[in-house]
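Undergrad: Before I ask anything, let me first share the structure, which is written out below as structure tokens.
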Amino acid sequence: MDHRDADPADAWPLPPVWMWGCEKCTDLYKAMKHALDVTNAAREEYGPTFDCDPFDTVLTSQIRLAEHLATEHTDDIPASYPECAKCTSPEMVHLPHRFVLEHRARHLFAPPSVVDLL
């Protein structure tokens, strides 16, 4: 499999420039990517039947970054993404605004296939 076989929904976006100007964003992003790299390496070594992330580090590192963005960079988070079924769902209006911001923030640093999971 090479890059031509990759699904665009699985591509990790390059975070916006303003995130690199925040030390906390940079630290949280690096921690998230490190957790992902370690987990992926373990999956390659042990295979899909072994839980390579027993403490859900990959997921919690994404949530920590999204929480930071939602609370500290609220004005920088784009409005809903029209191509995202969750962003455009009428049910989003029933969620606390912070959760909506966290979901939209994840579009800044995670691929659509990952953002759609939460």
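Undergrad: Restricting to DSSP H runs of at least four residues, report the calculated mean residue ellipticity at 222 nm for the chain, -39500 (n - 2.57) per run over all residues, nearest 500 deg cm²/dmol.
TA: Values: 5 runs with 58 residues, N = 118.
When only DSSP H runs of four or more count, the value is -15000 deg cm²/dmol.
Undergrad: While we're here: Can you give the convex hull volume of the alpha carbon atoms of the range 63-118 per residue, in Å³?
TA: On the way: hull volume 4.1 nm³, N = 56.
It is 73 Å³ per residue.
Undergrad: While we're looking at this one, here's another question. Ranked highest first by the average count of other Cβ atoms within 10 Å around their residues, in what order do 75-81, 106-112 fall?
TA: On the way: 75-81: 12.1, 106-112: 20.7.
Result, highest mean Cβ count within 10 Å first: 106-112, 75-81.
Undergrad: Moving on. Between helix 97-106 and the chain, what is the angle of the helix's C-alpha long axis to the longest principal axis, kept within 0 to 90° and rounded to the nearest 10?
TA: Between the helix axis and the principal axis of the chain, the angle is about 40 degrees.
Undergrad: Using a 4.7 Å cut-off between beta carbons, which cysteines in the chain end up with no partner cysteine at all?
TA: So far as the 4.7 Å Cβ criterion goes, CYS52 stand without a partner in the chain.
Undergrad: Show me, for the range 61-72, the HN-Hα J-couplings you get by feeding each phi into the Karplus relation (A = 6.51, B = -1.76, C = 1.60, θ = phi - 60°), rounded to Hz, glycine and proline as x.
TA: 5, 5, 5, 4, 5, 4, 4, 4, 4, 5, 9, 9
Undergrad: Of HIS34, PHE109, LEU69, which is farthest along the charge dipole of the range 22-116 in the positive direction, counting Lys and Arg as +1 and Asp and Glu as -1 at C-beta?
TA: LEU69
Undergrad: Another one. Can you list the HN-Hα couplings for the range 19-28, worked out from phi with the Karplus curve (6.51, -1.76, 1.60; θ = phi - 60°), rounded to whole Hz and with x for Gly and Pro?
TA: With coefficients 6.51, -1.76 and 1.60, one gets 5, 6, x, 10, 4, 5, 4, 4, 4, 5 Hz.
Undergrad: Any idea what Rg and Dmax come out to for the chain if you just take the C-alpha atoms, in Å?
TA: 15.1, 43
Computed from the coordinates by the stated procedures, all read-outs in this text should not be read as laboratory data. Note that this is a predicted model, so its numbers are computed, not measured. So basically every Cβ, Gly included, is an ideal-geometry build from the backbone, and we count neighbours across all protein chains shown.
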